[in-house]
1. Nothing charged except the Cβ atoms of Lys and Arg (+1) and of Asp and Glu (-1): what's the magnitude of the dipole of the chain about its Cα centre? Round to the nearest 20 debye.
2. So what J values fall out for the range 268-283 if you push phi through Karplus, 6.51 cos²θ - 1.76 cosθ + 1.60 with θ = phi - 60°, rounded to Hz, Gly and Pro as x?
3. Hey, what's the per residue convex hull volume over the C-alpha atoms of the range 6-231, in cubic angstrom?
4. Suppose each label sits 7 Å from its Cα in the direction of the beta carbon; what would the Thr281-Leu256 distance come out to in nanometres?
5. Could you grab the relative contact order for the range 249-297? Cα pairs under 8 Å, six or more apart, rounded to a whole percent.
6. Averaging sequence separations of C-alpha pairs under 8 Å and six or more residues apart, then dividing by the length of the chain, give the relative contact order as a whole percent.
7. May I ask you to give the percent of accessible area on the chain that is carbon plus sulfur, with a probe radius of 1.4 Å?
8. How large is ³J(HN,Hα) for each residue in the range 35-44, as worked out from phi by the Karplus curve 6.51 cos²θ - 1.76 cosθ + 1.60 (θ = phi - 60°), to whole Hz, x for Gly and Pro?
Amino acid sequence: MSRPDTVIVLAAGQGTRMKTGWAKVMAPLCGRPLIAWVLDQALALEPRRVLVVVGYRADEVRKAVEKHPAGGATIECVLQDEQRGTGHAVQCCLPQLADARGPVVLLYGDMPLLATDSLKALCETQVGTANGMALLTARPRDPRGFGRIVRGAGGAVQRIVEEKDADAATRAIDEVNLGVYCFDAALLRDALPKLQPNNAQRELYVTDVVASFVAAGRAARAVEVADEREAIGINTLKHLAEARTALQERILDEHLARGVYIEDPSTTFIDHGVKIGAATTIEPCTVIRAGAVIGERCHVGPFAHIGPDTTLDDGAEIGNFVETKRSRIGAKTKAKHLAYIGDGRIGARCNIGAGTIFANYDGKTKSITTVHDGAFVGSGSVLVAPCEIGAGAYTGAGAVVTRNSRVEPGAVWVGVPARPLARRDANPAEVRKDSHKA
Ligand code: UD1
Ligand code: CA
């Protein structure tokens, strides 16, 4: 594979068409910001470095960029003070580009669906142009307001015309610019300073570089993407929803391929990076958030909310209207109905009865509730954190275990506030039997 020297990612724009005031590249997309998806695309090409052009709400974007694992590349942010167009944004990288030792790829921060194979094909094609450039195009049913690819009589790409600057005949062209390019570095450095804001938006368009390459006698070769969905770019909230649906499908397909039975993919939400073991069943209307790790042969849903940083060990079962958050749930432990498990450390083979609440928040701090192996938490129990339920211990229905309580292993606590049941040799198994008689 031919690796680019530098990948530039444009992420300085506000995204006015979103109407949210967010930095567009910080828009949430399956559990992480839009920019993270694009950085992964850039890094998949194994470049020497990635330059991210930041501007609007730059500090926030910079933080997200710094948090991103860079692999073997270096990632550097470049500030574009004032957003004067995509051409101006790339001009801001000219000082860094002075030492470029190979091709330069340009990506826009709002195109999260591009496939690595398409980007690799782009780089291969650029190598074949003998110091020219290559660009990705598509022929989607809806041109999405994208720039149109104008080809000459022989079929060679001549230039790109933005929809706002296009006449009716140009608008009728069905081939559009995806905003992904691979350039010879020296020619890009020559072309950038010559850009002029002679267009409807009075901006510097990087798309005008194409005509410069052609004028210099170099080829600009188009590579058409295989899947129309790769053309989903995010300019509006409607586009964001569209992209989320498409990325969600990719995530679910990967889990299905690894043996996770997702009964109804259309009502299942699973964030990026969630790990799920084989032979686990996910029933409909379930939401699984980033940072969750689910073992093998687990059962989740229907209507379950596996919140951030939940771990389910093998064979655990989380059922209807149960929410978990920052919790570990041991092997074969069950919480089947109507419970909130926050900051819980639950051992193996426990039963968390219907309606149990882990009261983890006292208005100021969040504390941990520990439930040891084999404990039986009765229906409607409230466990006020921090507290601990010993191995094989039992709480009666409706028990309120107050903060700093420690239920001894094998003990039975009942009532409000919960107290040990005044019964010698209270054996949870017997109590359980008795309770059935009632
Ligand atoms: C751009 C292309 C268009 C293409 C489309 C595909 C130009 C002039 N037009 O239009 O041909 O079909 O993308 O996605 O390039 N940005 C900056 N600084 C700026 C302006 C923009 O960093 O001064 C960033 C934005 O944050 C965004 C990206 O560049 O990530 C593209 O800008 P956007 O305004 O969305 O361009 P489009 O109108 O979509
Ligand atoms: Ca765009």
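The values are calculated or read from the model by the stated rules, or taken from the named source; none is laboratory data. Everything quoted here is computed from the prediction, not taken from an experiment. Glycine also receives a Cβ, built like all others from the backbone with ideal geometry; neighbour counts cover every protein chain displayed. We work out accessible area using only protein heavy atoms, side chains counted, and drop any ligands, DNA or RNA first. Shrake-Rupley method; radii C 1.70, N 1.55, O 1.52, S 1.80 Å.
1. Details: 53 positive and 50 negative charges, 216 e Å.
It comes to approximately 1040 debye.
2. The phi angles translate into 10, 10, 10, 6, 4, x, 6, 10, 9, x, 5, 6, 7, 10, 10, 8 Hz.
3. 125 Å³
4. Computed distance between label sites Thr281 and Leu256 equals 1.8 nm.
5. Numbers: 88 pairs, mean separation 18.0, N = 49.
This gives 37 percent for the range 249-297.
6. 9 percent
7. On the way: 10030 of 19410 Å².
After summing per-atom areas, the C and S share lands at 52 percent.
8. 4, 5, 5, 6, 4, 4, 4, 4, 6, 4
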